[in-house]
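Here is the structure we will look at, set down as structure tokens.
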Amino acid sequence: MSLSRYRRSRLALVGVLAAAGLALSACSSGGGGGHDASGPSKAPAGKHSPSPSPKPTGAPVHVSLLEGDGNTYGVGMPIIVYFDKAITDAAAFEKAATVTVNGQPAGGAWYFQHSGRSDQALEGHYRPEKYWPGHAKIELKLPVKGLSAGPGLVFDDSLTLSMATGAANVSTVDCSAEKMVVTSDGKTVRTLPTSCGAAKTPTYYGTKVVMQKGETDPKTGKMRPDGTVNMVSDNPSDPYNLMVPWSVRITNSGEYVHSASWNGGNIGRRSTSNGCTNLNVDDAKWFYGFAQVGDVVTYKNTGGNEMREWDGYGDWNVPWSTWQQGGSVKSKH
């Protein structure tokens, strides 16, 4: 038996984020105005002062963040903003938002898509054209409270975020060669033998991002210390319900890089898994300790389909020219 990709309806994205230790963080701020110290101005005789534009009114749209203030992520981690109602116009949002890297404009773009979280209607992802630099400080300012989110919709809060990137960890898995080359800040640190997805259950190719390490034990509410994930299959031809240690999640649909003690004879030789990346136990334990949420893992020669942007943090699989078009919500300037 070869264990790998699995799907469970009860493992919602909210659980994924909680297991990854990612906190929603919103530093809300209210708008405030002041009077000019010189007093009100007067219009010249015979002329009228222009009337101020009316403030937009409508249903409130609450904005929240995936990332937490002060946290450190890998260089592939997009900034993710959640909207509790689906906005229909991103012009005011994009104009107000600023993102800097080490104090300089990041030069990235926003891309909007349906949210994988059941309690949110829409997500906005921000990334630059290339990965973030390693060991960098990233800041987001989002003063959108009171701005229009489209006809009949108004943002009801403003946010700021300060996060950092760690080392630029980028791994490449070549399923035809059955090896995983792990680099950090441009230097190879290890090459690990793998077993990718079998021909009938191939691994997705493309660029994936580490989403989660291990999972929370529902009985204790705490992360399991050995990175164990309860992997379940309800496929009648290949049913299983096993605890798999040293599991690093890289897609919503259930792909992991994980230990596979039962598959040692195939690791480094042939692809036999259900879609995950099988490693020897010691290698999986090392990778689990090495990886950080947001690290990049790219796949080639898998024999499968490309990972889609909504299947986890698949943002880097969208061509930059397409990304700049904004996804499902356009800026109606």
(request) Using DSSP, restrict attention to beta bridges with both residues in the range 166-285 and report what percent are antiparallel, rounded to the nearest 5. (result) 85
(request) With a 1.4 Å probe and every protein chain left in place, work out the accessible area per residue of the range 212-333 in Å², rounded to a whole number. (result) 45
(message) Please give the Cα centre distance for the range 282-333 versus the range 146-217, rounded to the nearest Å.
(response) 6
(request) For A96 and V189, calculate 0.36 nm times their separation in residues minus their Cα-Cα distance, and state this gained length in nm to one decimal. (result) 29.4 nm
(request) Compute the Cα gyration tensor for the range 233-333, then decide on rounded, prolate or oblate, letting a ≥ b ≥ c be the square roots of its eigenvalues: rounded whenever a/c is under 1.5, prolate when a/b is larger than b/c in the other cases, and oblate in all that remain. (result) prolate
(request) Run down the aspartates and glutamates and flag those whose C-alpha is under 18 Å from the C-alpha of K141, throwing out any fewer than 8 positions away in its chain. (result) E67, D69, E94, E123, D156, D157
(request) Determine the shape class of the range 132-189: with a ≥ b ≥ c the square roots of the Cα gyration tensor eigenvalues, call it rounded for a/c under 1.5, and otherwise prolate if a/b is greater than b/c, oblate otherwise. (result) oblate
(request) Anything over 27 Å Cα to Cα? Flag those among K85/K222; K200/K330; K130/K187; K55/K95; K187/K300; K85/K219, in the order listed. (result) K85/K222; K200/K330; K85/K219
(message) Computing the accessible area with a 1.4 Å probe over protein heavy atoms, can you report the carbon and sulfur percentage for the range 246-285?
(response) 40
(request) Compute the distance in nm between two label points, each set 7 Å from the Cα along the Cα-to-Cβ direction, one at S162 and one at R270. (result) 5.6
(message) Need the full-extension length gain, A177 to H114, defined as separation in residues times 0.36 nm minus the C-alpha distance. One decimal, nm.
(response) 19.1 nm
(request) Could you grab the relative contact order for the range 257-333? Cα pairs under 8 Å, six or more apart, rounded to a whole percent. (result) 22
(message) Could you work out how much longer the chain between Q325 and T72 gets when fully extended? Use 0.36 nm per residue separation minus the Cα distance between them, nm to one decimal.
(response) 88.2 nm
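The values are calculated or read from the model by the stated rules, or taken from the named source; none is laboratory data. Computed from a predicted model, the values in this text were never measured in an experiment. Glycine also receives a Cβ, built like all others from the backbone with ideal geometry; neighbour counts cover every protein chain displayed. Calculation scope for accessible area: heavy atoms of the full protein, side chains included, ligands and nucleic acids excluded. Shrake-Rupley method; radii C 1.70, N 1.55, O 1.52, S 1.80 Å.
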